[in-house]
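Student: A single structure is presented below for examination.
The values are calculated or read from the model by the stated rules, or taken from the named source; none is laboratory data. Since this is a predicted model, take the numbers as computed values, not measurements. Methodologically, a virtual Cβ is constructed for each residue, glycine included, from the backbone with ideal geometry; neighbour enumeration extends over all protein chains shown. Accessible surface is based on the protein model in full, side chains and every heavy atom, while ligands, DNA and RNA are left aside. Shrake-Rupley method; radii C 1.70, N 1.55, O 1.52, S 1.80 Å.
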Number of protein chains: 2
Amino acid sequence: MRLYGALEAGGTKMVAAVFDENGEVVDREVFPTRTPGETMPELTVYFKRFPLAALGVASFGPVNLNRKSPTYGCITATPKLAWRNYPILSDFRDALGVPAGFDTDVNAAAIAETALGAGRGLENVLYVTVGTGVGGGLVINGKPVHGLIHSEIGHIRVQVSPDDPMPGGNCPYHGPCLEGMAAGPAIEKRWGVPARELPPEHPAWALESDYLAQLCATAMFTFSPERIILGGGVMQQEFLFPLIREKTLKLLNGYLCHPAVNNGLADYIVAPGLGTASGITGAYLLAREAVKE
Amino acid sequence: MRLYGALEAGGTKMVAAVFDENGEVVDREVFPTRTPGETMPELTVYFKRFPLAALGVASFGPVNLNRKSPTYGCITATPKLAWRNYPILSDFRDALGVPAGFDTDVNAAAIAETALGAGRGLENVLYVTVGTGVGGGLVINGKPVHGLIHSEIGHIRVQVSPDDPMPGGNCPYHGPCLEGMAAGPAIEKRWGVPARELPPEHPAWALESDYLAQLCATAMFTFSPERIILGGGVMQQEFLFPLIREKTLKLLNGYLCHPAVNNGLADYIVAPGLGTASGITGAYLLAREAVKE
């Protein structure tokens, strides 16, 4: 049976896994993200233990997804300086000698959710993770969206709530953009405790759902996804979903007519179908695509 | 030589044209938009004068683009009550007995600009018209985007400028959304004269470019088009383009790294390559697609 390597490359940890051709996880190991000089040999040794048909890399960004570019497959302007301009894809191809697929971690998650998760059967899906940052991956017309660079939907502007005790946000680039207002570190900085310690009745969550509803409404007006999937650590607070749906409806204000809207967005703004495995599963699907090419 | 009918169905006028298979306009006529009972027979008589291989309909919206829906090809929740729920596509198919393609007017314009205009050679293009309303059409991964409904990018929220003498906007649904702040009627209501009579040094244009820059930045962060094409009556004021580019760069604030950004967006935020003919040319391309199916 064919085996496929999958890597979800994050800023703090690297999740490496091996899938069989039925999509079952054969092995899985997590490595801390240090420098490329330290981390890449560990990952290479790990993957070399298996006779892989291909590797899929779902990487933290920004990355270069333009196949015609000489720096295709590089991590680009990341604040993690050791990884800036690092050619992660070509180094894996050289080290492992197998075909390798590549996309952002969030596009990989969107691919996996569309193929096997909460977006199954759809052609247009937005996946957003709300955690240490806010990032989004898009599948449109059945394929991941790259475009000029790739989605950076976490950096859209939001209207700051008059109730917000931290109206300046904490994004170093844009201050009060979505990530600057709604990512885990923004919540912790605003209230002085980690998000997961704030009870459901805390005012943090009214603010959080306000900002995430702006994300959902902007996506619906902009490219009209067939479903919005919200994952990541912050979205583990499941009571956020009804709040976000209700506030999104208020922002739409009756303008978009569709059964999904009439139904209160209950089947429209949803949790990932693959739980926390969307990204690594997407990396596996990238490996499967790489074999076909 | 094969002939193709093309209709750009607008809220105030219907542009009907006949193209030959080389894309040359053989005939063109404009009809006022009255009620379906009055206007459809005029259009049918017009198109029946030609031995058409197919018709393409680029319609004002909102429309139903879901081919699996029993109301596919209908105009839906338009404020023009006579046209609400009108099955424009199937009535044309019945009347003319030829295959007919269908999309929004702005998606058709995006298709035409991508195939033959300012987006030629690209796979991911945003076309926006700024006129009596603000509407956008998207081509992503080489195809027009429908999704849940279709883009209504004119209704994204914008941050209202503190200098705006009409901060409440004039969109009946969302007040100060993009359309409520930046469409031609909003400009006229705010300053008391039509947009085209305001000189380049009038403060109207600083505001206008501020709102349109928010549109551009939101699109870039959200789905990362490879080019943004701004058309419509308001964009006839060509001095708007450098203002919009400059303000978009300020909103990005160095976050997106790409040669198009480094180049000041000069080749990125551009006027339509087909002038005012994007929509009708898109309708012709929809007719060509309809023949293939």
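Student: Got the residue B:68 label distances to the other copies yet, label 7 Å along Cα→Cβ, in nm, shortest first?
Tutor: Those label-point separations list as 3.4 nm.
Student: Per-residue mean of other chain beta-carbon atoms within 10 angstrom of the beta-carbon, peptide A:149-159? Mind showing how you got there, number by number?
Tutor: Details: counts 10, 3, 5, 7, 5, 1, 10, 10, 9, 2, 5.
If you average over the peptide's residues, the count of other-chain Cβ atoms is 6.
Student: Same structure again: Considering Cα pairs under 8 angstrom that are at least six residues apart, work out the relative contact order of chain A and quote it in whole percent. Before the final figure, lay out each step's value.
Tutor: Numbers: 615 pairs, mean separation 63.1, N = 293.
Reported relative contact order: 22 percent.
Student: Evaluate peptide A:208-221: per residue, the Cβ atoms of other protein chains within 10 Å of its Cβ; return the mean as an integer. Please list the in-between numbers first.
Tutor: Details: counts 0, 0, 0, 0, 0, 0, 2, 1, 0, 5, 7, 5, 7, 14.
If you average over the peptide's residues, the count of other-chain Cβ atoms is 3.
Student: I would also like to ask the following. Could you pull out every one of the lysines with an alpha carbon less than 25 Å from that of residue A:189, ignoring same-chain neighbours closer than 8 positions?
Tutor: Result set, ordered by chain and number: A:13, A:80, A:247.
Student: With each pseudo-label sitting 7 Å past Cα toward Cβ, what's the residue B:173-residue B:44 distance in nm, one decimal?
Tutor: Once both label points are built, they end up 3.1 nm from each other.
Student: Report, for residue B:28, each distance to the same residue's label point in the other copies, shortest first and in nm; define the point 7 Å along Cα→Cβ.
Tutor: List, nearest first: 6.0 nm.
Student: Could the peptides A:175-181, B:135-141 be put in order, highest first, of the mean number of other beta-carbon atoms found within 10 Å of their residues?
Tutor: B:135-141, A:175-181
Student: Also, I was wondering about something else. What list of whole percents do you get for P(r) of the protein assembly as shown, with Cα-Cα distances grouped in 10 Å bins up to the one holding the largest distance?
Tutor: 3, 17, 26, 26, 17, 8, 2, 0
Student: If a helix is a whole DSSP H run, which ones in chain B reach 24 Å or further along their own axis (Cα) and hold a mean Kyte-Doolittle hydropathy of at least 1.0? Numbers along the way, then the final one.
Tutor: Values: long enough: B:204-222 (27 Å, 0.67).
In chain B, no H run is both long and hydrophobic enough.
Student: Got the relative contact order for the range B:222-288 handy, in percent, Cα pairs under 8 Å and 6 or more residues apart? Walk me through the numbers before you get to the answer.
Tutor: On the way: 39 pairs, mean separation 31.0, N = 67.
Relative contact order of the range B:222-288: 46 percent.
Student: Can you give the percent of C-alpha pairs in the range A:118-271 whose distance is more than 29 Å?
Tutor: On the way: 1521 of 11781 pairs.
Considering the range A:118-271, 13 percent of its Cα-Cα pairs are separated by more than 29 Å.
Student: Report the relative contact order of the range A:118-271, percent, no decimals, based on alpha-carbon pairs under 8 angstrom and at least 6 residues apart.
Tutor: Numbers: 241 pairs, mean separation 39.5, N = 154.
Reported as a whole number, the value is 26 percent.
Student: Only Lys, Arg, Asp and Glu count, each charged at its Cβ (+1, +1, -1, -1), so figure out the dipole size of the range A:118-271 about its Cα centre, rounded to 20 debye.
Tutor: For this selection, approximately 280 debye.
Student: So what is the orientation-averaged projected area of chain B, using the convex hull of its C-alpha atoms, in nm²? Please report the intermediate quantities before stating the final value.
Tutor: On the way: hull surface 60.6 nm².
Averaging across all directions leaves 15.1 nm² for the Cα convex hull.
Student: If I take R0 = 60 Å and measure r between the Cβ atoms of residue B:159 and residue A:2 in this structure, what FRET efficiency does the formula 1/(1 + (r/R0)^6) give, to the nearest 0.05?
Tutor: Values: r = 51 Å, r/R0 = 0.86.
Step by step, r from the Cβ atoms, then E = 0.70.
Student: Which distances, in nm and shortest first, link the residue B:192 label point to the same label point in every other copy, taking 7 Å along Cα→Cβ?
Tutor: Result, one decimal in nm: 5.3.
Student: Give me the inter-chain shielding for B:177-183: mean count of other chain Cβ atoms within 10 Å, whole number please. Don't jump to the answer; show the numbers that get you there.
Tutor: Values: counts 5, 1, 0, 0, 0, 0, 0.
What the average comes to for B:177-183 is 1.
Student: Solvent-accessible area per residue for chain B at a 1.4 Å probe radius, Å²?
Tutor: Details: 11520 Å² over 293 residues.
Here the residues of chain B average 39 Å² of exposed surface.
Student: Quick one: check the C-alpha center-to-center distance for the range A:130-182 versus the range B:1-48, whole angstrom.
Tutor: First find each Cα centre; the distance between them is then 43 Å.
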